[in-house]
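The values are calculated or read from the model by the stated rules, or taken from the named source; none is laboratory data. Fair warning: this is a prediction, and the values are worked out from it, not measured in the lab. Note that we place each Cβ from the backbone using ideal geometry, even for glycine, and neighbour counts take in every protein chain shown. Calculation scope for accessible area: heavy atoms of the full protein, side chains included, ligands and nucleic acids excluded. Shrake-Rupley method; radii C 1.70, N 1.55, O 1.52, S 1.80 Å.
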Amino acid sequence: MGTLRGYDKRIMVTGGAGFLGSHLCERLLADGHDVLCVDNYFTGSRHNIAHLLNNTRFEAMRHDVTFPLYVEVDEIYNLACPASPVHYQFDPVQTTKTSVHGAINVLGLAKRLGARILQASTSEVYGDPTVHPQPEEYWGNVNPIGPRACYDEGKRCAETLFFDYHRQHGLPIKVVRIFNTYGPRMHPNDGRVVSNFIMQALKGEPITIYGEGQQTRAFCYVDDLIEGFVRFMGTPEQHTGPLNLGNPGEFTMLELAEKVIRLTGTSSKIVHKPLPQDDPKQRRPDIAKAKSLLGWEPKVPLDDGLERTIAYFRSRFL
Ligand code: NAD
Ligand code: UDP
Ligand code: UDP
């Protein structure tokens, strides 16, 4: 379906009141589009989008994507799904339903409208990877019955559905595999490592490293990721992905803890806690495809992004 009004589009963002979704809504409004934010506020909050509510081009709808949805839009970004292990393991059946039933509903919607649709997939589809760094061709090493499976397998099945709607119904799809992303509006209690370390440091509590702290992750600042989303959505139809998006700078959790301690000036000390089951030992995106297709690569160094995130947590939660 084309737009009757020229360049601007009506864009639906599911999970739009979450961490990434709220930044995406903000960006799409700034680009001049109408934005429909669909969220059940399970992990997101109205606070994240409060500053957008006065914009007449913005609309917020409370809705659970596991139920059908009938609206008229030109483009869809499907981000609805709890993303941190603490949140997605709280109600694992609902997590799988959100990924799988949610994908079926938004794909059915996109099919009816002929709308372009982007899926927020994840580096978790690679599981505990045996190939490092992870290129898109790698099929992954996922435990299908472990505590992370509700998320990992849900997201894998959602990718399957996206590619089958593409092959079977000719739907224009875009699948991005997001690697660990951080920034302002992360949930303070979601248990993810960046928000945990910063909150602990600001409160003067012990910094909890799981295991020895030698496991690695690569952290992307939210603005860099959103730029990648928007550029990929704008590429010609044959570019379906899956496309890795993330920052290839790799750090151990010990290095991250030391950075947070230095940047906050905290007197907090490091303590070690047991490593969660199935915790991937290493993770770093191979972003060669995104670089060549989008002319994109992350610009914000970890120290700068952490400073901005620390400033947000300090102003909002202390
Ligand atoms: P988030 O928890 O802040 O956002 C998820 C949003 O989805 C929340 O607003 C939540 O209320 C909403 N939601 C959950 N279940 C829903 C349902 N059934 N119906 C409607 N809305 C629902 O997490 P985030 O970090 O912003 O993640 C956004 C998306 O990006 C997720 O799909 C996540 O899997 C993916 N992702 C994020 C990262 C990351 O590092 N932040 C990495 C990989 C993938
Ligand atoms: N769907 C929806 N909104 C729409 C169109 C479809 O929520 O505008 C849902 C619908 O409930 C259906 C699902 O998307 O269960 C898949 O739709 P599709 O047309 O692919 O399959 P079918 O309706 O044949 O099951
Ligand atoms: N982690 C940690 N301390 C914390 C929270 C997490 O050491 O307080 C570790 C966790 O074991 C994992 C890494 O940090 O190895 C990233 O965890 P997160 O939950 O942020 O994301 P994911 O495991 O999904 O990449």
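Quick notes on this structure:
- Summing +1 for each Lys or Arg and -1 for each Asp or Glu among the other residues whose beta-carbon sits under 11 angstrom from that of Gln277 gives -2.
- Average accessible area per residue (Å²) across the chain - probe 1.4 Å, nucleic acids and ligands excluded: 43
- For peptides 133-144, 113-124, 253-264, sequence by mean Cβ density within 10 Å, most packed first: 113-124, 253-264, 133-144
- Each Lys and Arg contributes +1 and each Asp and Glu -1, all at the Cβ; summed about the Cα centre of the chain, the dipole is approximately 360 debye.
- Assuming charge only on the beta carbon of Lys and Arg (+1) and of Asp and Glu (-1), the dipole of the range 167-318 about its Cα centre is about 220 debye to the nearest 20.
- Rounded to 5, the percent of DSSP beta bridges in the chain classed as antiparallel: 10
- Cα-based shape type of the range 36-100, given that a ≥ b ≥ c are square roots of the gyration tensor eigenvalues and the cut on a/c is 1.5: oblate
- In a reduced charge model with +1 at each Lys and Arg Cβ and -1 at each Asp and Glu Cβ, the range 74-157 shows a dipole moment near 300 debye about its Cα centre.
- Structure-based [θ]222 nm, the chain - -39500 (n - 2.57) summed over DSSP H runs of at least 4, per residue, nearest 500: -12000 deg cm²/dmol
- Cα gyration tensor, the chain - rounded (a/c under 1.5), prolate or oblate: prolate
- Most to least accessible of Lys269, Lys97 (protein chains only, probe 1.4 Å): Lys269, Lys97
- Between the listed residues Phe197, Leu275, Trp139, the Cα displaced farthest toward the positive end of the dipole of the chain, a dipole computed from Cβ unit charges relative to the Cα centre, is found at Phe197.
- Calculated translational diffusion coefficient of the range 74-192 (37 °C, 0.692 mPa s; Stokes-Einstein with Kirkwood radius over alpha-carbon pairs) equals 220 µm²/s.
- Taking other residues whose beta carbon is less than 12 angstrom from the beta carbon of Glu307, and scoring Lys, Arg as +1 and Asp, Glu as -1, yields +2.
- Relative contact order of the range 1-94, pairs being alpha-carbon contacts under 8 Å that are 6 or more residues apart, as %: 34
- Among Pro172, Cys157, His187 - extreme Cα towards positive end, dipole of the range 151-211, charges at beta-carbon: Pro172
- Most tightly packed first, judged by the mean number of other beta-carbon atoms within 10 Å of their residues, the peptides 155-166, 17-28 read 17-28, 155-166.
- Mean-position separation - Cα centroids, the range 171-231 and the range 1-70, in angstrom: 22
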